[in-house]
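First comes the structure, then the notes that go with it.
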């Protein structure tokens with residue numbers, strides 16, 4: 001895209017990292033400048049992170065801004081906290097290179113499910129196919145510690161920890177509420193991650209830009225899902241794999257709709273939705289959140305607030321990039337105006353929430369199978 005994204009590092013005069021509270025956000029040295037381009041509402045990522053922040057342990061905080069580099073106006077950008085181990089971000093224990101035994105070895109780690117690409121990507125493939133009998137495998141990246149810093153002992157430890165979680169989920173007694181998968185993964189974080197991804201019907205959900213983390217055993221021996229990341233192709237802004245329509249689950253449906261995609265949704269989610277207790281907890285959590293932080297009126301007010309903030313800046317943005325009447329991959333909708341793009345986002349989200357209300361309400365029905373409701 002003509003509008004580039006940037007990683008931003010703040011440095012002191014002596015070239016050391018400089019923690020600084022940019023635009024009122026907690027002080028840090030590493031930031032991301034996201035330049036929304038195909039998302040002509042300019043707010044999909046900001047909206048998703050705001051929703052996630054209302055229910056998850058931590059979600060990236062954001063600030064809208066306009067970017068000028070060497071006198072060249074670059075348009076509306078979103079300043080985003082980078083996913084990083086930090087007391088203000090992913091608050092887990094620091095893992096040092098010399099911590100290779102005992103409780104020291106057990107955390108903290110941040111892992112990422114994504115493609116196997118990039119100059120400094122280290123990781124491994126799951127031993128369990130994403131789809132039974134298929135060639136597709138989940139790729140796990142080392143995010144923290146970095147691939148260049150994580151020791152071989154630490155690599156072996158965290159790979160075994162993930163393998164134990166996946167083996168427990170694949171086992172015949174996986175849904176045992178005390179001896180099954182819940183020993184290895186926090187249930188509430190799974191539910192909240194699922195709800196945020198599904199509200200946006202994020203085409204990349206679960207299989208790309210998907211993070212989870214683990215602290216030291218002495219703090220908590222389980223994995224936690226999150227933080228969430230990358231929603232510019234969410235909320236109906238995609239024209240493939242039936243992801244523009246408001247019905248349908250991504251978690252249990254993507255692999256059926258797009259069976260040839262190399263990066264499939266991990267087998268985790270079909271197993272989780274075969275667990276009656278998990279579905280019951282999803283229903284309870286959803287219905288509770290819909291009365292408060294995820295109430296439709298509250299989410300519409302959030303969009304309206306962002307729209308008011310962007311009302312003048314969007315004019316300058318689309319003077320710089322006159323694309324409102326053009327298809328930009330992978331738009332499912334071309335509104336012709338920024339106001340129409342915002343209205344589409346609001347109407348789409350309202351319809352999505354209504355569909356989820358109806359489906360989740362039936363989660364405890366004996367005949368309900370989430371994997372059947374994807375189209």
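Suppose only helical runs count, i.e. DSSP H with n ≥ 4. What mean residue ellipticity at 222 nm does that imply for the chain under -39500 (n - 2.57) per run, divided by all residues and rounded to the nearest 500 deg cm²/dmol?
Values: 9 runs with 117 residues, N = 375.
Calculated at 222 nm, the ellipticity per residue is -10000 deg cm²/dmol.
If R0 equals 41 Å, the separation of the Cβ atoms of residue 6 and residue 284 corresponds to a calculated FRET efficiency of about 0.50. Here is the tail figure for the chain: Cα pairs spaced more than 30 Å apart come to 40 percent of all pairs. In plain terms, the chain from residue 164 to residue 188 could stretch by 6.7 nm, reckoned as 0.36 nm per residue minus the Cα-Cα distance.
The share of C-alpha pairs in segment 178-298 whose separation exceeds 20 Å stands at 47 percent.
Under a 10 Å cutoff between Cα atoms, tell me which one of 219, 32, 250 has the largest fluctuation in the Gaussian network model of the chain. Top of the fluctuation ranking is 219. Per-residue packing, averaged as other Cβ atoms within 10 Å, sorts the ranges 120-128, 221-229, 85-93, 52-60 into the order 221-229, 52-60, 85-93, 120-128, beginning with the highest. When peptides 240-249, 96-105 are sorted by average Cβ neighbour count within 10 Å, with the highest value leading, the order is 240-249, 96-105.
Comparing mean-square fluctuations of 70, 30, 217 from a GNM of the chain with C-alpha springs under 10 Å, the top value falls on 70. A straight line joining the Cα centroids of segment 296-370 and segment 196-261 runs 17 Å. For the pair residue 304 and residue 350, the difference between a 0.36 nm per residue extended length and the Cα-Cα distance amounts to 15.2 nm. Coordinate range of the alpha-carbon atoms in segment 260-350 per principal axis, descending: 52, 39, 17 Å. Each label point was placed 7 Å from the Cα along the Cα-to-Cβ direction; for residue 332 and residue 156 their separation is 4.7 nm. Shape summary of segment 136-196, radius of gyration then Dmax from alpha carbon positions: 13.8, 38 Å.
Protection proxy ranking, highest mean first, for peptides 337-350, 308-321: 337-350, 308-321, where packing is the per-residue count of other beta-carbon atoms within 10 Å, averaged. The simple spin-label model puts a point 7 Å past each Cα toward its Cβ; for residue 325 and residue 274 those points are separated by 5.4 nm.
For segment 102-289, the spherically averaged projection of the C-alpha convex hull amounts to 11.2 nm². A simple spin-label model places pseudo-atoms 7 Å from Cα toward Cβ; at residue 127 and residue 362 they are separated by 3.9 nm.
No lab work stands behind these numbers, since they all come straight from the coordinates. As the structure is a prediction and not an experimental result, all values here were calculated from the model. Counting neighbours? That spans all protein chains shown, and the Cβs are built from the backbone with ideal geometry, glycine included.
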